[in-house]
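This report concerns only the one structure given below.
Taken together, the values in this text are just the output of simple stated rules run on the coordinates, not laboratory data. Just so it is clear, the structure is predicted and the values come from calculations on it, not from any experiment. Every residue, glycine among them, receives a Cβ derived from its backbone with ideal geometry; neighbour counts consider all protein chains shown.
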Amino acid sequence: MNSASKNWGGSAKWPRPMRIDAHQHFWTYEPLRDAWITEAMEVLRRDFLPPQLGTLLAAHRFGGCVAVQADQSNTETRFLLSLAAEHPFIQGVVGWIDLRAPDLAQQLAAWAPQKKLKGFRHIVQAESAGFVLQPEFLRGVATIGRAGYTYDLLVFHHQLEDAVAFARQLPDQKIVIDHLAKPDIKSQEFSEWARHMQRLAMLPNVWCKVSGLVTEADWSRWKSDDFAPYLGHVVDCFGIERVMYGSDWPVCLLAASYERQLEVVERYFERYSPTDKQKLFGENAETFYNLRA
């Protein structure tokens, strides 16, 4: 057992309430598979594994995390689940599955014994317009919902029109918007993003992750004040009950250390009550992903 596992212990019974980092990634770097990591992202061209994150979580009083897929393969889902089995602080896994596969229900049945598998994600930000509105894709997301799984929706701000139409067709599916739908913080574009986020927030099955902020800003010159309008709007629309914190580690390292990206969020929410902060930093993630099961 490595030192990080020792720090976190071997029991799945964690003290409550718990701080949860609801969005981060692990990988062993492979240049061909991970071609999305360009030369401008050199800091990400190495392995990022649980012992590294475990140290950061412990330092900042987090009791657990949710590991989210970065590669679109069943191998990725198995990899994350193997890490979760070895490291108890990985409370849940958001994997990948071919949502358009004709045998999707059978694949889900095979995954059913994996209790830490909480949901699935497809990297929609890399797809063309209309992708999420394909009948096969909609059927697939509805199928995972009936099996009890959540769906993480990863889109850019310019894909939000489709995101709204997608979510409206799946009123019974638990959906969480990753990274505030990646607003163009660097250019301070706000109005169109804000309008669509308000429309999404009107749907009670849709939640939002307060994550990925620093990488949508100017990587080298961002200021904490850059994020205030976006954070304020998300909380105004979704309420404190449907937002959850995620670091997006290690991708956040493109623009900030784990400590600095966390400081942005903690500083903005410091005026909120302890109860509200616990919802943002733990309880909402536990509820959305059913982490206590």
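Observations on the model:
- Shape summary of region 178-222, radius of gyration then Dmax from alpha carbon positions: 11.5, 37 Å.
- Normalising the average separation of contacting C-alpha pairs (under 8 angstrom, six or more residues apart) by the number of residues puts the relative contact order of region 53-116 at 32 percent.
- In this structure the amide hydrogen of V210, modeled in the peptide plane, comes within under 5 Å of the amide hydrogens of M244, Y245, G246, none closer than 5 places in sequence on its chain.
- The chain: relative contact order as a whole-number percent, Cα under 8 Å and 6+ apart: 19
- Taking L32, L99, L180 as the candidate residues, the one with maximal mean-square fluctuation in a Gaussian network model of the chain, Cα springs under 10 Å, is L32.
- GNM top mover of G148, G63, G246 - the chain, alpha-carbon springs below 10 Å: G148
- ³J(HN,Hα) computed for each position of region 133-143 - Karplus, 6.51 cos²θ - 1.76 cosθ + 1.60, integer Hz, glycine/proline x: 9, 4, x, 5, 5, 4, 4, x, 5, 4, 5
- With neighbour counts taken as other beta-carbon atoms within 10 Å, the residues K277, K186, K209 rank, fewest first, as K186, K277, K209.
- Ordered by the number of other Cβ atoms lying within 10 Å of each residue's own Cβ, fewest first, M197, M18 fall into the sequence M18, M197.
- Entry note, region 180-293: relative contact order of 27 percent, from Cα contacts under 8 Å with a spacing of 6+ residues.
- Working note: 222 nm ellipticity from helices only, DSSP H runs with n ≥ 4, each -39,500 (n - 2.57), summed and divided by the residues of the chain, gives -10000 deg cm²/dmol to the nearest 500.
- Extension reserve of the R46-A85 stretch, reckoned as 0.36 nm per residue once the Cα distance is removed: 11.8 nm
- Of all DSSP beta bridges in the chain, antiparallel share, percent nearest 5: 5
- Inverse mean reciprocal Cα-Cα distance (Kirkwood Rh) of region 19-289, Å: 18.7
- Dipole size of region 19-289 about its Cα centre, with +1 on Lys/Arg Cβ and -1 on Asp/Glu Cβ: approximately 620 debye, rounded to the nearest 20.
- Number of Lys-Lys pairs in the chain with C-alpha atoms under 16 Å apart and a separation of 8 or more places or on different chains: 9.
- Most mobile listed residue (V66, V235, V265) in the chain, GNM with C-alpha springs under 10 Å: V235
- Backbone HN-Hα couplings from phi across region 273-285 [Karplus 6.51/-1.76/1.60, Hz, Gly and Pro as x]: 5, x, 5, 5, 5, 5, 5, 4, 9, x, 4, 5, 5
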